[in-house]
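Note sheet for the following structure.
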């Protein structure tokens, strides 16, 4: 994934995903592996916790040790020229203009196979500082995938988990806090296990991890499955990618996302034998081993910002009959990509913004106005913005939105306040509406999750009402909310 010392530049992308190649010869050792060699830690070449495999699913690659399900990788990638594992990328807000929205979104933004972006951190959070950076980088990755598709007469977009931000469709970025020991481990498995324990282990997700640590540049998973079928393992999850803060760039992300989507299989015409290609210039090509010889057969170094420069190894929206990509797996067919123009949803109006907030009780130093002030919290323990909390009161508490005229509602997104002290997520909760004479539970609720550091969505049978109440039943402590969104 990384440039030779004299040449290569990575596209500005984020989230790295490593490659695993089950198609490598069973007798081969993983590229770059040297028994007993000390890892080049300063370059992010950390091999701790990776087992070189000669048989099985990870033959010719590495297996990540210490996780319950088999995960293969081609190993860590060194930092590209101009980047350093020890030097964090600056936020993009102050840089040149970048995409401010995704060109194409699809459906409700959550259903089906999706690429979900995670900001993974320990006790120190830079979520609010870097949120816009992560959104822009994910959008730049989408540009790379679609511009590469245009070169073969087609259209492809990354099917992200999305939300409406000021009327624009943008990637969701989850704020995921894990133990500092897992974040800074000189081994990938502790972080993977902690992220899974936080609930990010869905089979219909590829997880792009922006990790606020200085261990790797990038590392991630790759299925190495050459079958031309929807059953190809590249079409399933969970799969994970990791880019530490020194490599939060779009080029690194496109490369690593490419691995999780199936590039580059080792039987491809210009394969390196370690999940990359050798015909430069190309996002997925680089000299990944001492015996690899590069060929500069693509017309421009600008194609370092594009996939499959000659359209014959891993990405073509309409490959010629009888060609390699017409016969074997083609990343352009991956089910985590949107084919064509998608279905851009109309902007969603947050009806909570026009309501008056009220509550059963509010701590004197908190404010019930927090629940509909339109501010997206950086985490459940938000110490910057207003919060609604009920300490020291426990038992059943509620917060309420009241409108001057009836509103038709069917979706609520609730962000819980939890300071890991006196205020904790509720043991259970529910939604009630005013039917004109009493508060009654909404019908057909999809469930009431209690996840930290993110919105908890509930859909229910559409109802017209002037009041909607969030009812919280305390567990370990008092309860609170940071934000409530309500839509039709």
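Residue-by-condition table, conditions (1) within 28 Å of residue 392 (Cα to Cα); (2) assigned by TED's automatic domain parsing to the domain that holds residue 381; (3) touching a helix residue (DSSP H, G or I) at 6+ places or on another chain (Cβ under 9 Å); (4) at pLDDT 95 or above:
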residue	(1), (2), (3), (4)
429	yes, yes, no, yes
444	no, yes, no, no
474	yes, yes, no, yes
480	yes, yes, yes, yes
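Residue-by-condition table, conditions (1) assigned to a loop (DSSP other than H, G, I, E, B); (2) more than 25 Å from residue 108 (Cβ to Cβ):
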residue	(1), (2)
426	yes, yes
430	no, no
451	yes, no
466	no, yes
472	no, yes
* Asked: Considering only residues of the range 406-424 that are over 25 Å from the mean Cα position of the chain (by Cα) and assigned to a strand (DSSP E or B), which is nearest to residue 483 (Cα to Cα)?
  -> 423
* To do: May I ask you to verify whether residue 358 is more than 30 Å from residue 224 (Cα to Cα), loosely packed, with under 14 Cβ neighbours inside 10 Å and either modelled with pLDDT under 95 or more than 25 Å from the chain's Cα centre (by Cα) (or both)?
  => no
* Hits in the range 135-148 - residues which are surrounded by fewer than 24 Cβ atoms within 10 Å (Cβ to Cβ), under 18 Å from residue 335 (Cα atoms) and in contact with a strand residue (DSSP E or B) (Cβ under 9 Å, 6 or more places away or on another chain) -> 146
* Return the only residue of 466, 487, 383, 459 being in contact (Cβ under 8 Å) with a residue 40 or more places away in the chain, out of contact with any helix residue (DSSP H, G or I) (no Cβ under 7 Å at 6 or more places or on another chain), under 27 Å from residue 165 (Cβ atoms) and surrounded by fewer than 22 Cβ atoms within 10 Å (Cβ to Cβ). => 459
* Structure fact -> Considering only strands (runs of 3 or more DSSP E) wholly within the range 26-134, the ones with at least 3 residues that are crowded, with 19+ Cβ neighbours inside 10 Å and modelled with pLDDT of 85 or more are 62-64, 114-121
* To do: Consider residue 240 carefully, then state whether it is at pLDDT 90 or above and touching a helix residue (DSSP H, G or I) at 6+ places or on another chain (Cβ under 7 Å).
  => yes
* For the range 229-239, state whether one or more residues are touching a residue at least 40 places away in the same chain (Cβ under 8 Å), within 17 Å of the chain's Cα centre (by Cα) and assigned to a loop (DSSP other than H, G, I, E, B). => yes
* Structure fact -> Taking the range 176-194 and keeping only residues that are under 17 Å from residue 455 (Cα atoms) and surrounded by 23 or more Cβ atoms within 10 Å (Cβ to Cβ), one is left with 176
* Report, ordered by the first and then the second residue, all pairs with beta carbons closer than 7 Å, sequence separation of six or more or different chains, a first member in the range 276-294 that is closer than 18 Å to residue 60 by Cβ, and a second member that is assigned to a strand (DSSP E or B). => 276/285; 277/271; 277/285; 278/285; 278/295; 284/277
* Structure fact -> Of 304, 288, 279, the only residue that is buried (at least 18 other Cβ atoms within 10 Å of the Cβ) and modelled with pLDDT of 90 or more is 279
* Asked: Can you name the residue in the range 243-276 that is in contact with a helix residue (DSSP H, G or I) (Cβ under 7 Å, 6 or more places away or on another chain) and on the phi > 0 side of the Ramachandran plot and, of all such residues, is modelled with the lowest pLDDT?
  -> 275
* To do: Considering every residue within the range 442-452, establish whether at least one is over 27 Å from residue 382 (Cα atoms) and surrounded by 17 or more Cβ atoms within 10 Å (Cβ to Cβ).
  => yes
* Does residue 361 meet the test of being in a loop (DSSP other than H, G, I, E, B), in the same structural domain as residue 208 (by TED's automatic domain parsing) and touching a residue at least 12 places away in the same chain (Cβ under 8 Å)? -> no
* Asked: Looking at 170, 202, which is the one that is within 22 Å of residue 142 (Cβ to Cβ), surrounded by fewer than 16 Cβ atoms within 10 Å (Cβ to Cβ) and either at pLDDT below 95 or touching a strand residue (DSSP E or B) at 6+ places or on another chain (Cβ under 7 Å) (or both)?
  -> 202
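The values are calculated or read from the model by the stated rules, or taken from the named source; none is laboratory data. Predicted, not measured: the structure shown is a model, and the values here were computed from it. Every residue, glycine among them, receives a Cβ derived from its backbone with ideal geometry; neighbour counts consider all protein chains shown.
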